[in-house]
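The values are calculated or read from the model by the stated rules, or taken from the named source; none is laboratory data. Values in this document were obtained by computation on a predicted structure and should not be read as measured data. Glycine gets a Cβ as well: all are built from the backbone with ideal geometry, and neighbour counts include every protein chain shown.
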Amino acid sequence: MSNLILIVDDEIGIRELLSEILRDEGYEVQLAATASEARELRQRQRPDMVLLDIWMPLEDGVTLLREWASTGQLTMPVVMMSGHATVEMAVEATRMGAYGFLEKPIALPKLLSTVVRAMQAGKEVRQQTLSSHQLGRSAVMNELRQRLDQIASQAVPLFLMGEPGCGIELIARHLLKPNALWYALEEMHWLVENPFQPLQDYQGGVIFIAELAHLKAAEQQGLMQLMSKLSRYHLRLICGSAQPLGELIHNGHLAAAFLAQMGGVSLAVPALREHAEDIPEIALTFLNRMIETGEIPVRTLTSGALNLLRQQRLRQQRWPGNLPMLASAVRTLALTASGFEITFEDAQRFITDYEGEPGEEPDTVDEIKRAVLVRDLVTLYEKPLREARDEFEKGYFEFHLRDARGNISRVAERVGLERTHLYRKLKQLGIHGVLYRNESERG
């Protein structure tokens, strides 16, 4: 069922009024008077969004939201409702994963616009977005969230450093205020052409740059111009980087004057191996999301399998691909498990298949594929689409050239291209004769 909204409120009049309005707008509606009823309905079916009252008898809405977030069931937008909530409570609910907040009595235009935005946001991020609270409750993650809370009221740029796949964007979203807009800056050219472009449209929101190293000199200048106007429009700038800021300057990616003028606060986002105790909780979150989006059949992870994932080492370095690598492992386990339960033996077999014998280097086709997927492709997730596509295509053709021992005809047949087209493609990608040979050289 599509466009399903779950309304959770202990007041029957509010439930029925909201239900009537939303049904008239074409939405399907489910009603719950208590957190217990909402929990049962959520377990039966994932709604497309939830309108959740904060103050309810026996169990409040914030407690239910926290439970959904910690068990991997917060896979839909949740909009909190209350006539008595404080701003601090609304902010805390948002940081736990709530999409937004509606104050009672709810104005009709505000209700409908919020529902439309929440439903659209749910469609866009359902498969990949977690909240920062779903990255675990270990000491290192709690400390990171506390430091973010400390700077939440400071109108300064934030620099987040961490390995690819460690969840920099998820951590950045921790500072997104209720109902505020998120602007992920992907097309850098407007920083040169019109650096003030997002000021009006994203007032009160967050501008996010995934990788500082991608900024060219002219774009850095444009960003400095933009910085001078951010406070007037209550905008926050958050930038990610896979390298420490000092290294970016030393390697020539950033100008020292740029960072000096930007100022700001720098925080490190831990790699997954640095909060391995959170792996079971994160793995369960991934599993539930994949089940609900239809990627995998219904499965459950046993405690033995979860503990093995937490303890295991891959290629002498625990989870080098971080969150995407863990998600890939969960997906593989769910698709290859012999039964409903993913057991300790299933996880052990997966790890053995991946690792091979100690000290063994990948040299078979299957091992090369695994190494590429885990070590190389995971870094593409945080890159611009064009750059990621070019890198993937280069790795794709290099793999087939090596596997076919440089035989162009064989590669062309495998990848479904004419030889002349293949030669042009290889030249375009900068793959030269070291990886392939002419047909006359076959022997």
request  = Go through segment 406-426 and give me each residue that's over 36 Å from the mean Cα position of the chain (by Cα), loosely packed, with under 12 Cβ neighbours inside 10 Å and assigned to a loop (DSSP other than H, G, I, E, B).
outcome  = GLU418
note = Quick count over segment 78-117, residues being in a loop (DSSP other than H, G, I, E, B), closer than 16 Å to THR63 by Cα and touching a residue at least 40 places away in the same chain (Cβ under 8 Å), is 2
inquiry  = Tell me whether segment 214-226 contains one or more residues that are at pLDDT below 90, closer than 27 Å to LYS177 by Cβ, in a loop (DSSP other than H, G, I, E, B) and outside the structural domain of TRP68 (by TED's automatic domain parsing).
reply    = yes
inquiry  = Cβ contacts < 9 Å: first residue closer than 14 Å to GLN261 by Cβ, restricted to segment 215-227; second residue part of a helix (DSSP H, G or I) and acidic (Asp, Glu), any location; separation 6+ or different chain. Result?
reply    = GLY222/GLU193
Test set (1) surrounded by fewer than 19 Cβ atoms within 10 Å (Cβ to Cβ); (2) in a helix (DSSP H, G or I) - GLU295 fails condition number = (2)
task = Write out, first by first residue and then by second, each pair whose Cβ atoms fall under 7 Å of each other, whose residues are 6+ apart or on separate chains, and whose first residue, in segment 411-431, is in the same structural domain as LEU401 (by TED's automatic domain parsing) while the second is exposed (fewer than 12 other Cβ atoms within 10 Å of the Cβ) and assigned to a loop (DSSP other than H, G, I, E, B).
result = ALA412/GLU418
note = Residue set HIS250, HIS189; condition over 30 Å from ARG331 (Cα atoms), within 26 Å of the chain's Cα centre (by Cα) and either modelled with pLDDT under 90 or among the small types (Gly, Ala, Ser) (or both); output residue HIS189
request  = Find all pairs meeting these conditions: Cβ atoms under 9 angstrom apart; at least six residues apart or on different chains; first residue within segment 235-249 and without any contact (Cβ under 8 Å) to a residue 12 or more places away in the chain; second residue assigned to a loop (DSSP other than H, G, I, E, B) and not hydrophobic (A, V, I, L, M, F, W, C).
outcome  = GLU247/HIS253
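Condition check ((1) crowded, with 17+ Cβ neighbours inside 10 Å; (2) without any contact (Cβ under 8 Å) to a residue 24 or more places away in the chain; (3) outside any strand (DSSP E or B)) across all residues:
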site	(1), (2), (3)
ASN142	no, yes, yes
LEU148	yes, no, yes
GLN154	no, no, yes
GLU163	yes, no, yes
CYS166	yes, no, yes
ALA172	yes, no, yes
ALA180	yes, no, yes
VAL192	no, no, yes
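Regarding LEU287, is this residue touching a residue at least 40 places away in the same chain (Cβ under 8 Å) and crowded, with 17+ Cβ neighbours inside 10 Å?
Here the answer is yes, as LEU287 does meet what is asked.
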inquiry  = Considering only segment 38-55, I want to know if a residue exists there that is more than 29 Å from the chain's Cα centre (by Cα), closer than 19 Å to SER82 by Cα, in the same structural domain as THR71 (by TED's automatic domain parsing) and buried (at least 19 other Cβ atoms within 10 Å of the Cβ).
reply    = no
